[in-house]
Every structure is written in structure tokens, then in C-alpha cells.
């Protein structure tokens, strides 16, 4: 069929209109325009702009003059758990089976849901990525069932059981997830050994450890997100908890914070030792709840919860009554006088109490009770 030749046709006579002042040559709404080209291609529908892909944050500035630096206002660090985990890399170490995975998964659930961490620490809700690299889906489900204790699972928690080493694609995997979740508050890698990768040929042990943390720190700093690396401690104990972290000092040196969870005696099930660049050095006593698998923060200095009942009773009384003598303590607490005298003497030798020349006792100042500068 061929297109008919163009013809000059007279315009049709105007139709009767109900409302005046219309164009007399306009067609009725249900009539085709006699002057339109029936062979013209249909007008294409307007194109819809594609949805903008999530953008990674701009690269942080790294160079200033001294005057520019002093005139710059920096935002406060973002905290996943205030006082415990700030943006950057935090190394969470502890002996096997002490409960590191229960603690870290519980934190992930709390931050994703906006529930208080450790039972009492308020947090801001946000997306969380949990890399459970030593677990299966079934084991994670069982653990989460216990931790949730009947509550719904938070939609903001993403769980992954596989991740390549950081130098072989793991870093890009983290960057992709963080780009797609720009409001992320926390990433947990359980365990760090699964993603650290191999050392560069000829690198010293210290340099290898420092570089292994560096891959993850670069991502944490770029996206301003808190990253927890679950790690192990040495078999040999030490008075310095940093020395107990498995590996060289390069790990703690590269991390922004180091936390060591140690078993404790007394009323506490564990003590969390903390030091770092944005966190105050502290010790926190924690209690493990076997029914729910959760760790709860105990009030007061950690030393109050890691001593026996008799010492705890004496320490509590001396704190409330500085300058008390053993006889006063025994009368007020119901302890035997000789037991109170011997225990006070031992506590003074251990540094838990201070004894003056008159035989009166006061509580020794500990890092947990020092004011924050």
C-alpha cells in the first residue's frame, strides 16, 4: 500500500458549539485532525532519567596549611557504640570460647535495631554488615534466635558467611556494600584472620601486620564507619593487655582502638579492656546472660565486680564512708572484726584500699574512677 499524494482540501464547515469562542476550525475531541499526517510515526514517550546510583563519599582532605587546619571545623567522630566503638578500625581480641562472637553479633543486632548496646548504652540505628566467616547459616540462625529472644530480626542487618581476603577482592566487596548503604553504622569481621591475606614477599612480621590492618582502615576512614575486627590473643598472659593480642605490635599500632575481652572472677563474667585514639582507656565489667547469649554492662568500676564478696562489701562501705576503720566497717556490715581487719590489710597491699598513718582506710583511685579530661 502506497501513501496517497498530498491534496489541498477545503477545511470542513465549522460545527455547532455549546460554548462559544472556540476555534471554529478545531476538530471535535473524538475526530481526527484533518490536517494531521496519518503516516507520521508515533511520538515517542518522554524518556525517564535513570535512578542515580549510590555515590561513594568524597575523598577526605589530607593537606592543609597550619592556618587552614586551625580554622577548619571537623565533625565529631561517628560512634557505633558510644564509649566503645567509634568510626575507624577496632580490634576486638579474646581467648577462644570467651564469647567474642556472641558479643559482636549482639552488637550488630542492637545497632541495626537501634536498641541499647550491652543493655544500657544508647545507639543510633543504621545498617550493619556482619561477616560471619567461621559460621554457617544454620548456626547464625540458632545464635540469633537466642539473642533476639522473641523480637523480630532487624531488616538493617546483612549477614555474609564468605568474603575473599582484602587484597584479593574483599576490600572492593566492603566498598561496594558501604557505597550502597551510605548510612551504615557498623561492619563486623569475624574473624580477621580470614580476610587479612598473605604478606608481601620480604616484609617483616610487623610490616605485614600493619599493612593487613591498613587495607581495612583505608575503607573505614573513607566511609567514616566503625569496623570491628574479631581476633585472638596469645596463650601466654601478660599484665599489659595489649601484649596479649596475637601477632606483633603492628596490629594494635595500625588499629584505631584495641579491646581485649578477658575472663574474670567474682560477679563479672568478663572484663573488656579498652584503649584507642578516640576512646578513653578504661575497663568495663560485663556479665554474660546464658539464657539469651547477651553481654550486659555492669555499673561501677570493673574492680568492684572482679573481687570476692567480702572485699566488695568492704570496698562499697569505704567508698561511702572514707576514713573508716576495720571496727567501723565490721559494725556497719556485720562482718567479723578480725576478718574485716585482715581483709582491709590485704586490700591495701593489693592497691584496692589506701591506709593512712592512723589506720583509717579510703578507696584507692583507679583509672575507672578518674574524671574524663
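No lab work stands behind these numbers, since they all come straight from the coordinates. Because the structure is a prediction, the values reported are computed rather than measured. Cβ coordinates were reconstructed from backbone atoms using ideal geometry, including for glycine residues, and neighbour counts include every protein chain displayed.
Over all directions, how big on average is the projection of the convex hull of the alpha-carbon atoms in the stretch 223-373, in square nanometres?
Dividing the Cα hull surface by four gives the mean projection, 12.2 nm².
Can you give the percent of C-alpha pairs in the stretch 238-301 whose distance is more than 13 Å? It would help to have the intermediate numbers written out before the result.
Numbers: 1335 of 2016 pairs.
Result for the distance tail: 66 percent.
If you average the sequence gap of Cα pairs under 8 Å that are 6 or more apart and divide by the length of the stretch 79-302, what percent do you get for the contact order?
That works out to 28 percent.
Which semi-axes, in whole Å and largest first, does the equivalent ellipsoid of the stretch 171-299 have when worked out from the alpha carbon gyration tensor as the square roots of 5 times its eigenvalues?
Numbers: eigenvalues 144, 85, 33 Å².
Taking √(5λ) for each eigenvalue gives 27, 21, 13 Å, largest first.
Quick one: give the max-minus-min coordinate of the C-alpha atoms of the stretch 261-337 along each principal axis, largest first, in Å.
Cα extents, longest axis first: 42, 34, 15 Å.
With no solvent and one equal point scatterer per Cα, compute the Debye intensity ratio I(q)/I(0) for the stretch 308-358 at 0.22, 0.33 Å⁻¹ and report its log10, rounded to two decimals.
So the normalised log intensities are -0.71, -1.66.
In whole angstrom, note down how far apart the Cα centers of the stretch 162-196 and the stretch 60-90 are.
For the stretch 162-196 versus the stretch 60-90, the Cα centre distance is 22 Å.
I need the calculated FRET efficiency for the pair residue 238 and residue 320, taking r as the beta carbon distance and R₀ as 35 Å, to the nearest 0.05.
Details: r = 34 Å, r/R0 = 0.98.
Between residue 238 and residue 320 the formula returns 0.55.
When 1/r is averaged over all different Cα pairs and the result inverted, which Kirkwood radius in Å belongs to the stretch 79-302?
Working: mean 1/r = 0.0571 Å⁻¹.
Evaluated on the stretch 79-302, it is 17.5 Å.
So, R0 is 22 Å and r is the distance between the beta-carbons of residue 62 and residue 281; what FRET efficiency does that work out to, to 0.05? It would help to have the intermediate numbers written out before the result.
On the way: r = 28 Å, r/R0 = 1.27.
Using R0 = 22 Å, I get an efficiency of 0.20.
To the nearest 0.05, how large is the calculated FRET efficiency for residue 69 and residue 179 if R₀ is 22 Å and r is the Cβ-Cβ distance?
That pair, residue 69 with residue 179, gives E of 0.15.
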